[in-house]
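First the structure, in the form of structure tokens, and then the observations on it.
The values are calculated or read from the model by the stated rules, or taken from the named source; none is laboratory data. Treat the numbers as computed from the prediction; the structure is a model and nothing was measured. Cβ: placed from backbone, ideal geometry, glycine included. Neighbour counts: every protein chain shown. For the accessible areas, the whole protein counts, side chains as well, though only heavy atoms, and no ligand, DNA or RNA atoms are used. Shrake-Rupley method; radii C 1.70, N 1.55, O 1.52, S 1.80 Å.
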Amino acid sequence: VKPQLVSKHGVDVVHDPLFNKGTGFPMQERDRLGLRGLVPPRTLSLETQTEKLASHIRSEQDNMIKHIHLSSLQNRNETLFYRILIDNIKEFAPIIYTPTVGQVCLKFGSLFRRTRGMYFSSLDKGQMHSMVYNWPIDDVRVIVVSDGSRILGLGDLGANGMGIPIGKLSLYTAAGGIHPRQTLPVMLDFGTNNDKLLRDPYYLGVQHRRLEGDAYYELLDEFMAAVRFRWPNVLVQFEDFSSDKAATILQKYRVDALCFNDDIQGTGATTLAGVLSALQAAEGSLGEQRIVVAGAGSAGLGGATTLLQGMVHKGMRTEEAQQRFWLMDQDGLVTTARAQGQSAAHRFFARRDEAEPLSLLDVVRRVKPTILLGLTACRGVFSEAVVREMAKHTERPIVFPLSNPTANAECTAEEAYEWTDGRAVFASGSPFDAVQLQGRTFLPSQCNNMFIFPGVGLGATLAHARRVTDRMFYSAAEALAASLTDDERALGMVFPDVSRIREVTVQVASAVVRSAAAESLGQLPGGVTDPREVPAVVRDSMYDPTYSPIVLAPGKRAGRE
């Protein structure tokens with residue numbers, strides 16, 4: 001194992017989460033680093049520490065308390081944190097991210113103990129190029145950035161939305177193998193329109209209304225220029241921006257910068273992968289489907305767009321594929337009669353053959369959809385009447401309530417299976433427990449972006465890609481759909497078991513690397529020339545948390561820098 005060279009000594013080593021081992025420092029290392037007497041005398045192995053901490057966290061019943069324990073561990077010993085998370089990814093991913101992260105963001109101000117990541121605010125105009133040098137790491141490869149304007153289905157949480165970039169990047173490391181020191185969570189605090197936060201004397205962010213128009217985009221331009229100046233090859237993932245800005249921001253930067261929007265492209269690719277996988281169970285082709293998308297925000301439009309691109313990729317004309325979609329918003333079916341003044345994407349999917357804004361139930365009765373996607377963030381939108389009506393007209397209805405957190409899911413797994421007499425092909429955004437029905441056990445799949453974005457980020461950075469394209473996301477979706485084992489398909493699963501996510505990431509990242517090379521936007525990594533060798537290179541590049549020896553850098557002496 002390669003040693004880590006440090007310029008720190010004594011208690012400063014213990015206080016740095018990237019180097020701290022807690023009780024894991026061997027005696028010779030304690031002497032070398034001036035730690036003797038600063039930690040308890042007994043040395044515990046990483047395996048023993050993992051067992052101890054995981055057992056302690058499991059003893060708690062409340063998921064928020066579990067999150068607090070894990071977050072505290074991350075802030076003092078990142079190696080142990082990621083060892084626990086990787087070894088127990090299926091159990092603890094819902095604690096680190098959805099659905100628990102929604103609660104975390106709601107209480108972020110009161111939970112705040114130690115800063116993590118960077119905040120760029122409206123107070124920092126003209127200072128961002130110098131601010132980026134406050135970050136101590138020179139090799140940042142992935143940034144996840146949010147402006148807190150649309151946190152999950154919870155709305156505008158302002159600076160409290162920082163829990164999202166932190167949680168996403170934890171999964172980049174645990175699922176995607178990006179080294180934690182190469183990640184940077186960022187909050188763009190350009191104000192909030194949340195009146196409660198504006199009145200809160202303890203709110204951590206700036207207390208003014210959100211900037212709009214040129215004032216907003218000038219600051220965003222400054223931020224993007226600053227991070228790309230210091231880290232020219234960094235991948236920027238946009239996360240939880242409001243629907244009125246998300247697509248605009250993506251289009252603004254996607255050609256000239258290495259970036260993507262996970263709510264639009266990640267959700268779309270994950271949904272496409274789920275549909276491709278589900279169609280194997282339903283024995284149908286993508287171009288034959290009638291797809292109703294409930295939710296016309298950035299995630300809903302992203303899902304619809306990626307599915308349409310999948311149809312076109314398989315040979316359909318765009319105009320023909322367009323007619324396979326029915327887009328719903330809070331007022332009903334999106335039609336040309338009321339799409340004027342909305343975005344180009346809304347107008348593209350607006351139905352020309354309907355003049356009135358039909359309800360979801362009316363659309364299901366008329367269209368007889370084979371696929372029902374939910375991205376509304378509204379619990380109960382997929383009512384019993386809607387699902388039963390759908391099930392009347394298709395043998396294997398594909399029902400995907402994709403909204404997070406769990407409380408906002410359009411229906412539960414139990415409801416979907418019960419209302420379709422066990423015929424539904426089901427996947428949801430947040431996890432549901434197994435369902436017992438009619439003497440059968442159903443294992444609901446989780447259609448979660450964590451199957452896609454870590455692999456896309458890892459693949460794009462390894463390939464030194466110049467940008468992230470739709471073709472790369474399509475390749476990622478195909479790789480994800482193909483990653484299920486025969487046993488998983490036999491159990492009716494639509495997505496792989498989360499416990500296998502790192503191996504799935506290898507397949508997704510490899511597909512992205514090959515796509516980047518094929519598009520002449522990147523190169524095969526590790527000096528390989530045969531695309532078949534890419535998975536081995538990807539696998540070898542992935543961070544695996546172990547305790548490596550720590551050595552004082554040459555020229556450093558105990559007790560002084």
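Looking only at residues in the range 70-92 that are open to solvent by 20 Å² or more (accessible area, probe 1.4 Å) and touching a Ser or Thr at 6+ places or on another chain (Cβ under 6 Å), the one that is modelled with the highest pLDDT is R83.
Taken together, the residues in the range 358-367 that are within 25 Å of T318 (Cβ to Cβ) and either open to solvent by 80 Å² or more (accessible area, probe 1.4 Å) or assigned to a loop (DSSP other than H, G, I, E, B) (or both) amount to 2.
If you go through the range 515-555 one residue at a time, how many are polar (S, T, N, Q) and touching a helix residue (DSSP H, G or I) at 6+ places or on another chain (Cβ under 8 Å)?
From the range 515-555, those polar (S, T, N, Q) are 515, 520, 523, 529, 541, 546, 548; that's our starting set.
With touching a helix residue (DSSP H, G or I) at 6+ places or on another chain (Cβ under 8 Å) added as a condition, the list becomes 515, 523, 541, 546.
Number of matching residues: 4.
Please go through the range 118-169 and give me each residue that is open to solvent by less than 10 Å² (accessible area, probe 1.4 Å), farther than 22 Å from A215 by Cβ and out of contact with any Cys (no Cβ under 7 Å at 6 or more places or on another chain), ordered by number. V140, V142, I143, V144, P165, G167, K168, L169 - these are the residues of the range 118-169 that are open to solvent by less than 10 Å² (accessible area, probe 1.4 Å), farther than 22 Å from A215 by Cβ and out of contact with any Cys (no Cβ under 7 Å at 6 or more places or on another chain). Within the range 468-481, identify whether any single residue is at pLDDT 95 or above, in a loop (DSSP other than H, G, I, E, B) and over 17 Å from the mean Cα position of the chain (by Cα), and answer yes or no. Looking through the range 468-481, at least one residue is at pLDDT 95 or above, in a loop (DSSP other than H, G, I, E, B) and over 17 Å from the mean Cα position of the chain (by Cα). Kindly indicate the residue of the range 93-116 that is touching a helix residue (DSSP H, G or I) at 6+ places or on another chain (Cβ under 7 Å) and among the small types (G, A, S) and also modelled with the highest pLDDT among those meeting that condition. Out of the qualifying residues, it is A93. The residue that is most open to solvent (accessible area, probe 1.4 Å), among those in the range 430-443 that are touching a Ser or Thr at 6+ places or on another chain (Cβ under 9 Å) and more than 19 Å from G153 (Cβ to Cβ), is A434. Considering the conditions (1) part of a loop (DSSP other than H, G, I, E, B); (2) closer than 19 Å to T505 by Cα; (3) of a type outside the set (D, E, K, R), V538 is excluded by exactly one of them, (1). Contact annotation: residue pairs with Cβ atoms under 7 Å, 6 or more positions apart or on different chains, pairing a residue in the range 59-77 that is under 13 Å from I166 (Cα atoms) with a partner that is of a type in the set (S, T, Y), are H67/T100.
Listed here are the residues, each with its yes/no results for (1) more than 30 Å from V537 (Cβ to Cβ); (2) among the acidic types (D, E).
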site	(1), (2)
R388	yes, no
T394	yes, no
F400	yes, no
T406	yes, no
T412	yes, no
D433	yes, yes
Q446	no, no
F453	no, no
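Is it the case that R539 is of a type outside the set (S, T, N, Q), farther than 19 Å from G266 by Cβ, within 21 Å of the chain's Cα centre (by Cα) and at pLDDT 95 or above? Let's see the steps before the verdict.
Numbers: of a type outside the set (S, T, N, Q): yes; farther than 19 Å from G266 by Cβ: yes; within 21 Å of the chain's Cα centre (by Cα): yes; at pLDDT 95 or above: yes.
Considered against the rule, which asks whether it is of a type outside the set (S, T, N, Q), farther than 19 Å from G266 by Cβ, within 21 Å of the chain's Cα centre (by Cα) and at pLDDT 95 or above, R539 comes out as yes.
Within the range 408-429, the set of residues being in contact with a helix residue (DSSP H, G or I) (Cβ under 8 Å, 6 or more places away or on another chain) and open to solvent by 40 Å² or more (accessible area, probe 1.4 Å) comprises E415, D421, R423. Figure legend. Inter-residue proximity from the range 232-244: first residues open to solvent by less than 10 Å² (accessible area, probe 1.4 Å), second residues in a helix (DSSP H, G or I) and β-branched (V, I, T), beta-carbon distance below 7 Å, spacing 6+ or different chains. Indicated pairs: V234/V227; L235/T461; V236/V227; F238/I249; E239/I164; D240/I164; F241/I249.
Looking only at residues in the range 483-507 that are part of a loop (DSSP other than H, G, I, E, B) and open to solvent by less than 40 Å² (accessible area, probe 1.4 Å), which one is farthest from V456 (Cα to Cα)?
Start the filter on the range 483-507 by keeping residues that are part of a loop (DSSP other than H, G, I, E, B), which leaves 483-485, 491-497.
Remaining after also requiring open to solvent by less than 40 Å² (accessible area, probe 1.4 Å): 483-484, 493-497.
On the way: S483: 15, L484: 18, M493: 23, V494: 20, F495: 17, P496: 17, D497: 19 Å.
By that ranking, first place goes to M493.
Report whether or not V39 is touching a residue at least 24 places away in the same chain (Cβ under 8 Å), part of a loop (DSSP other than H, G, I, E, B), open to solvent by 60 Å² or more (accessible area, probe 1.4 Å) and of a type outside the set (K, R).
On the way: touching a residue at least 24 places away in the same chain (Cβ under 8 Å): yes; part of a loop (DSSP other than H, G, I, E, B): yes; open to solvent by 60 Å² or more (accessible area, probe 1.4 Å): no; of a type outside the set (K, R): yes.
Considered against the rule, which asks whether it is touching a residue at least 24 places away in the same chain (Cβ under 8 Å), part of a loop (DSSP other than H, G, I, E, B), open to solvent by 60 Å² or more (accessible area, probe 1.4 Å) and of a type outside the set (K, R), V39 comes out as no.
Scanning the range 1-28 for residues that are more than 20 Å from K52 (Cβ to Cβ) and not hydrophobic (A, V, I, L, M, F, W, C) returns K2, P3, Q4, S7, K8, H9, G10, D12, H15, D16, Q28. Here is a check on your reading of the model: is A257 assigned to a loop (DSSP other than H, G, I, E, B), in contact with a strand residue (DSSP E or B) (Cβ under 8 Å, 6 or more places away or on another chain) and open to solvent by less than 10 Å² (accessible area, probe 1.4 Å)? Considered against the rule, which asks whether it is assigned to a loop (DSSP other than H, G, I, E, B), in contact with a strand residue (DSSP E or B) (Cβ under 8 Å, 6 or more places away or on another chain) and open to solvent by less than 10 Å² (accessible area, probe 1.4 Å), A257 comes out as yes.
Checking each residue in the range 520-535 for being part of a helix (DSSP H, G or I) and either touching a strand residue (DSSP E or B) at 6+ places or on another chain (Cβ under 6 Å) or open to solvent by 50 Å² or more (accessible area, probe 1.4 Å) (or both) picks out G526, G527, P531, R532, E533.
Each residue in the range 1-36 was checked for being touching a residue at least 24 places away in the same chain (Cβ under 8 Å) and among the acidic types (D, E), and 1 of them qualify.
Residue-level check: of (1) among the basic types (K, R); (2) open to solvent by less than 50 Å² (accessible area, probe 1.4 Å); (3) outside any helix (DSSP H, G or I), R209 misses just (2).
Yes or no, residue by residue, for (1) open to solvent by 70 Å² or more (accessible area, probe 1.4 Å); (2) touching a strand residue (DSSP E or B) at 6+ places or on another chain (Cβ under 8 Å); (3) free of Cβ contacts under 8 Å to residues at least 60 places away in the same chain; (4) closer than 21 Å to A269 by Cα:
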residue: G302; (1), (2), (3), (4): no, yes, yes, yes
residue: T306; (1), (2), (3), (4): no, no, no, yes
residue: Q309; (1), (2), (3), (4): no, no, no, yes
residue: G315; (1), (2), (3), (4): no, no, yes, yes
residue: T318; (1), (2), (3), (4): no, no, yes, yes
residue: Q323; (1), (2), (3), (4): yes, no, yes, yes
residue: W326; (1), (2), (3), (4): no, yes, yes, yes
residue: V334; (1), (2), (3), (4): no, yes, yes, no
residue: G341; (1), (2), (3), (4): yes, no, yes, no
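Only one entry in S515, S510, S548 is assigned to a loop (DSSP other than H, G, I, E, B) and either out of contact with any Leu (no Cβ under 8 Å at 6 or more places or on another chain) or at pLDDT below 95 (or both), namely S548.
List the pairs whose first member sits in the range 87-114 and is among the polar types (S, T, N, Q), whose second member is in a helix (DSSP H, G or I) and open to solvent by 10 Å² or more (accessible area, probe 1.4 Å), and whose Cβ atoms are under 7 Å apart, counting only residues at least 6 apart or on separate chains? Qualifying pairs under 7 Å: T100/N63; T100/M64; T100/H67; T100/P94; Q103/M64.
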